[in-house]
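The values are calculated or read from the model by the stated rules, or taken from the named source; none is laboratory data. Remember, predicted model here, so these are calculated numbers, not experimental data. All Cβ positions, even for glycine, are placed from backbone atoms using ideal geometry, and neighbour counts span all protein chains on display. Surface accessibility is based on the protein's heavy atoms, side chains included, excluding ligands, DNA and RNA. Shrake-Rupley method; radii C 1.70, N 1.55, O 1.52, S 1.80 Å.
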Amino acid sequence: LGRTRYREVWDLQKRLVVLRHQNLIPDCLIFTEHEPVITMGRGTSKENLLVSPDILKSKEVDLFEIERGGDITFHGPGQTVVYPIIDLNGQGRDLHRYLRDLEKLVIATLNDLGLEAGVKPGLTGVWVNNHKLAAIGVAVSKWITYHGLALNVNTDLDFFKLIRPCGITAYPVGSIAQMLKNQVDMEKVNDLLAENFAGQFYYEIERVDNLETRLLEVTSR
């Protein structure tokens, strides 16, 4: 979707969940890069937001309380955000396994980029050299997934100073660019994520560039 405001993609996800439940669309994978925004999931502790709403406004950072699991996180330019809209009814309705599968997806992609990545026991996400590069938080409605994962590629990490990311203080946040000491092609990262996703979940990929036109076709039948 390119660069987007958070609310419009949040609304889009909920539309897609309904269409997927009605079997009007197949499982799909949404890629975007958000304008600066902080989201607070169901597990957020208010003290993990370290600045006032006025300061966020002055920095042009939006703030939303949303229905995904997990704590507080930041999305912004240089970060690729991936929203899988998937029907888990035919995949065992196992949300725990799905979260672990998303971690494996990110680990495989980082390995393709030459980075050795892994997980931390008891925590959700993906780390490289004890730096958290990917945050994961999902929601389900009638076993259709939405929300998903955020991977720091070329992200300005100073934005994370506004929050206590995911409530974690033991490990800092990092980015692919920081680890490789070079800016990274976002489109290359997205292509790798899509390829690895297709391989891991046994999909064939069809790219949809004009999503609104396709959805209009689906809903007007």
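A few comments on the model shown:
- Using just its DSSP H runs of length 4 or more, each adding -39500 (n - 2.57), the chain gives a mean residue ellipticity at 222 nm of -10000 deg cm²/dmol after division by all residues.
- Sparse-neighbour loop sites [GluC sites (Glu not before Pro); segment 120-214; at most 14 other C-beta within 10 Å; DSSP]: E204, E206
- Amide H to amide H, with H built 1.01 Å from N, G78 comes under 5 Å of no residue 5 or more places away or on another chain.
- For R97, the accessible area of its heavy atoms, probed at 1.4 Å with every protein chain present, is near 110 square angstrom.
- Over the chain, accessible surface divided per residue gives 50 Å², non-protein components excluded, 1.4 Å probe.
- In summary, the aspartates and glutamates within cross-link reach of K46, defined as a Cα separation below 14 angstrom excluding same-chain residues under 8 places away, comprise E65, D71.
- Solvent-accessible surface of protein heavy atoms, probed at 1.4 angstrom with all chains present, puts H131, H21 in the order H21, H131, largest first.
- Among the protein heavy atoms, those of W127 account for about 10 Å² of accessible surface (1.4 Å probe, every chain in place).
- Top of L16, L113, L105 by mean-square fluctuation, Gaussian network on the chain, Cα under 10 Å: L113
- Surface composition of the chain: carbon plus sulfur atoms contribute 49% of the solvent-accessible area (1.4 Å probe, protein chains only, all chains present).
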